[in-house]
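Take a look at the structure set out below.
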Amino acid sequence: MELKAAALSYTGCIESEVLKVMRHMAKNIGHVNKNMTKFTTIKNKHASSKLLKISMIPQLNSRAIEEFASPLLGQS
């Protein structure tokens, strides 16, 4: 995955910095999906039709999220 020069100039971030944040986000999503965190209430709130049920989309429970977070969880 490469950041384009334009994206780099807009964000001021390099790819390694973005990947680090994205891995932590994936780890947190995984914890919420397994009810291992206090943010389950927020997930339930965003499961309402008023908020378009965004927390219920299948992509948040995908294998890709687990694989992306695996380096932070000590898995290979």
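So, Ala47, is that one in a helix (DSSP H, G or I), free of Cβ contacts under 8 Å to residues at least 12 places away in the same chain and aliphatic (A, V, I, L, M) or not?
Answer is no for this residue.
Of the residues Ser16, Ser70, Ser55, only one is polar (S, T, N, Q), loosely packed, with under 14 Cβ neighbours inside 10 Å and part of a helix (DSSP H, G or I); which?
Ser16
Yes/no per residue for (1) in contact with a helix residue (DSSP H, G or I) (Cβ under 6 Å, 6 or more places away or on another chain); (2) of a type outside the set (D, E, K, R):
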{"residue": "Cys13", "(1), (2)": "no, yes"}
{"residue": "Gly30", "(1), (2)": "yes, yes"}
{"residue": "Lys45", "(1), (2)": "no, no"}
{"residue": "Ile54", "(1), (2)": "no, yes"}
{"residue": "Phe68", "(1), (2)": "yes, yes"}
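Step by step: first the residues of the stretch 19-50, then only those that are among the basic types (Lys, Arg), farther than 19 Å from Ala64 by Cβ and at pLDDT 90 or above, then the one that is surrounded by the most Cβ atoms within 10 Å (Cβ to Cβ). Which residue is that?
Top of the filtered list is Lys45.
The values are calculated or read from the model by the stated rules, or taken from the named source; none is laboratory data. Note that this is a predicted model, so its numbers are computed, not measured. Note that we place each Cβ from the backbone using ideal geometry, even for glycine, and neighbour counts take in every protein chain shown.
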